[in-house]
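What follows is a short report on a single structure.
The values are calculated or read from the model by the stated rules, or taken from the named source; none is laboratory data. None of the values given here were measured: they were computed from a predicted structure. Here the Cβ positions follow ideal geometry from the backbone for every residue, glycine too, while neighbour counts run over all protein chains shown.
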């Protein structure tokens, strides 16, 4: 009975909290694929240099919140030295779930965030790739202006899996470390 009461109390405290939504966009500093030589083929990564997607944030007490993002990024790697296929293309979808803590209250607030992240590839051409899990950490600044919140952050993600099965090269290697600068606008 105590567990049920605790769950009801926890649910009741979550209801009056603010829910915000918006858009995040940014610039990744690393490519999705690693360059290399595999079975006589040279892999040259050339993925898109942008990430974009919706964000949802549940504001909790004590300057904390939970943020869920769905970030899209095109992924591509050219293959030379192979007579079969010339490139690997896919769409990378990243879904980080971050616990965010604001260091103080104010008009401009520094924050830190961390949590698990999932990665999934879709629209895979000339390869077969599933997904992987990882851990993301971020630090940045957030400003409140009337009903709009603007944020800028530097985010690091470490992925657990580093392989992508390819018809061309046997096994293309994914970059396990990703760093990106993101800008967000939420309402």
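If the condition is being under 15 Å from residue 151 (Cβ atoms) and assigned to a strand (DSSP E or B), then the stretch 50-63 contributes 51, 52, 53, 54, 55, 56, 57, 59. Any residue that is modelled with pLDDT of 75 or more, under 23 Å from residue 148 (Cβ atoms) and outside any loop (DSSP other than H, G, I, E, B) - is there at least one of those in the stretch 26-36? Yes, the conditions are met somewhere in the stretch 26-36.
For every residue, the table says whether it meets (1) at pLDDT below 75; (2) in contact with a strand residue (DSSP E or B) (Cβ under 6 Å, 6 or more places away or on another chain).
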position: 130; (1), (2): yes, no
position: 136; (1), (2): no, yes
position: 142; (1), (2): no, yes
position: 147; (1), (2): no, no
position: 157; (1), (2): no, yes
position: 160; (1), (2): no, yes
position: 166; (1), (2): yes, yes
position: 174; (1), (2): yes, yes
position: 184; (1), (2): no, yes
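Looking across the stretch 130-160, the residues that are over 15 Å from the mean Cα position of the chain (by Cα) and surrounded by fewer than 19 Cβ atoms within 10 Å (Cβ to Cβ) come down to 130, 141, 143, 144, 145, 146, 147, 148, 149, 150.
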